[in-house]
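The structure under discussion appears below in the form of structure tokens.
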Amino acid sequence: MGSSDHRFTVNLSILFTELPLLERPAAAAAAGFRAVELWWPWVDAPVPPQSDLDALRDALRDAGTQLTGLNFYAGRLPGPDRGALSVPGTESERFRANIDVAAGFAESLGCTALNALYGNRVEGVSDEEQDALALANLQLAARAADRIGAVVLIEALNAPESPQCPIVSAPRAVEVVEQVNAATGLDNARFLMDLYHLSMNGEDLPGVIERYADVTGHVQIADNPGRGAPGTGDLDFTDLLGRLRKHGYDGWVGLEYKPGEGPSAGSFGWLPAPLRGAR
């Protein structure tokens, strides 16, 4: 299933979580990977102590791992939240406080992709007001990303697991990408194509790849059903990854799946060891 045409990066917020955060980069490296990505690690701290940032940076560098993707603050993730930037009040303020912190941390590690998760709908505020707030915050995020030579990613989640999130299809996510690019003029917003979420939505994955590969800044994978490793469900990743390559996508493929029973290191049998460390 793995191919030398693809570069794989391990999400340390869903894999290796049996270990403390600062031990995960070394564990990923021991499993043969040289690239990792992260959700915002401090769910209650959009602006964590500098010592926490420094410790994580040192752990990534000491392991020899490249940080390829980082989420902006997104609330309790995993948990009930699906992002913060569209949520009026405290959560939006936390997102804004996090923007320069996340961008600065990413820049210090050469990371050039920042994921901005939208947020659930909230009662008492119109959808139009929430979307206007989201667009304003996404413009701030895109400008911060541009200052460090990065892209800002817009991800489509899935409706069954995230029924209150308004971005639950590829077309809707790409619509937001286009709105952000039109508003900033920077052209650095991109689609995050998570094949698990799109499959859960029942979308035509070959069609999504054909239509949107050219505006895709990052890809994430997990099998469906179950959100496990490739080969544990019904998705044909040999075909899907081949289609991505055919349509011009040559970026990172993030492994964002549940490892199942046992240590995470045992969940990579589908990917030959020589293909795990490609940069």
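Counting only protein chain heavy atoms and rolling a 1.4 Å probe, the accessible areas of 22, 271 rank, largest first, as 22, 271.
How many nm is it between the label spots at residue 17 and residue 265, if each spot is 7 Å from the Cα in line with the beta carbon? Going by the 7 Å Cα→Cβ label model, 2.1 nm.
A 1.4 Å probe run over the chain, with the rest of the protein chains in place, finds 40 Å² accessible per residue. Of the solvent-accessible surface of the chain, computed with a 1.4 Å probe and all protein chains present, 48% belongs to carbon and sulfur.
With 0.36 nm allotted per residue and the present C-alpha distance subtracted, the residue 52-residue 187 stretch has 45.4 nm of extension available. Applying 1/(1 + (r/R0)^6) with r as the Cβ-Cβ distance of residue 97 and residue 175 and R0 = 35 angstrom yields a FRET efficiency of 0.80. Got a sec? Charge dipole of the chain, +1 on Cβ for Lys and Arg, -1 for Asp and Glu; which of 149, 119, 176 is way out at the positive end? Comparing the listed Cα positions along the dipole, 149 ranks first.
When +1 charges are put on Lys and Arg Cβ atoms and -1 charges on Asp and Glu Cβ atoms, the dipole computed for region 192-279 relative to its Cα centre reaches about 340 debye.
On full extension, the segment bounded by residue 204 and residue 44 gains 53.9 nm, given 0.36 nm per residue less the C-alpha separation. Label-to-label distance, residue 238 versus residue 107, with points set 7 angstrom from Cα along the beta-carbon direction: 4.5 nm.
Heavy-atom accessible area for residue 76, with the other protein chains in place and a 1.4 Å probe, reaches approximately 120 Å².
In this structure, the amide hydrogen of residue 66, modeled 1.01 Å from its nitrogen in the peptide plane, lies closer than 5 angstrom to those of 35, 36, counting only residues at least 5 positions away or on a different chain. Computed extension gain for residue 128 through residue 250, at 0.36 nm per residue and net of the alpha carbon distance, reaches 40.3 nm. When the Cα gyration tensor is reduced to axis lengths a ≥ b ≥ c, the ratio a/c is 1.5 or higher for region 195-279, and with a/b not above b/c it is classed as oblate. For the pair residue 147 and residue 62, label points projected 7 Å from Cα toward Cβ lie 3.0 nm apart. Taking the Cα centre of the chain as reference, the dipole from Cβ charges on Lys and Arg (+1) and Asp and Glu (-1) amounts to some 700 debye.
The values are calculated or read from the model by the stated rules, or taken from the named source; none is laboratory data. Because the structure is a prediction, the values reported are computed rather than measured. With ideal geometry, Cβ positions are generated from the backbone for all residues, glycine too; neighbour counts draw on all protein chains shown. Calculation scope for accessible area: heavy atoms of the full protein, side chains included, ligands and nucleic acids excluded. Shrake-Rupley method; radii C 1.70, N 1.55, O 1.52, S 1.80 Å.
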